[in-house]
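Reviewing the structure listed below.
Derivation of every value follows stated rules applied to the coordinates shown; laboratory data play no part. Computed from a prediction, not measured in an experiment: that's the story for all the values here. Neighbour counts are summed over all protein chains in view; Cβ atoms, including those assigned to glycine, are modelled from backbone coordinates with ideal geometry.
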């Protein structure tokens, strides 16, 4: 099996590893927040709140946390994608 980091400078490899780790942690934290409600996404949790299936508080705060985690994860994924494209151009 080829080493993914074989032709990547150490600083770039560290950056990719850190972004990948952050992406993983954001995903797992969102799963934990949503899992407490059996929701598979922040929109599903908001629907549960609207329908009265769960108490508004603290569920709404958890919805906001899940939303922030999802938005931050998208930002990290975009940064990671851009960084990988830069490396591939080099």
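Extension gain residue 89-residue 53, at 0.36 nm per residue separation less the Cα-Cα distance, in nm?
Working: separation 36, 0.36 × 36 = 12.96 nm, distance 5.04 nm.
Here the answer is 7.9 nm.
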Taking the Cα-to-Cβ direction at residue 61 and at residue 75 and moving 7 Å from each Cα, how far apart do the two end points lie in nm? 2.2 nm
Which residue fluctuates the most in the chain, going by a Gaussian network model with Cα springs under 10 Å, if the choices are 27, 77, 50? 50
Of the peptides 35-44, 52-61, how do they stack up when ordered by the mean number of other Cβ atoms within 10 Å, highest first? 35-44, 52-61
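Which of 26, 19, 79 comes first, and how do the rest follow, when ranked by fewest Cβ neighbours within 10 Å?
Working: 26 20, 19 17, 79 14.
Taking fewest neighbouring Cβ atoms as first place, the list is 79, 19, 26.
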Angle check, please: helix 56-89 long axis (alpha carbons) against the longest principal axis of the chain (alpha carbons), in degrees 0 to 90, nearest 10. 20 degrees
With an 8 Å cut-off on Cα pairs and a minimum separation of 6 or more residues, tell me the relative contact order of the chain in percent. 38 percent
Radius of gyration, Dmax [the chain; alpha carbons; angstrom]: 17.4, 54
What does the extension gain come out to for residue 14 and residue 32, with contour length at 0.36 nm per residue minus their alpha carbon separation? 3.8 nm
In deg cm²/dmol, rounded to 500, what helix-only [θ] at 222 nm does the chain give when every DSSP H run of at least 4 residues adds -39500 (n - 2.57) and the total is split over its residues? -27000 deg cm²/dmol
Rounded to the nearest 10 degrees, the helix 10-35 long axis (Cα) sits at an angle to the longest Cα principal axis of the chain of 10 degrees
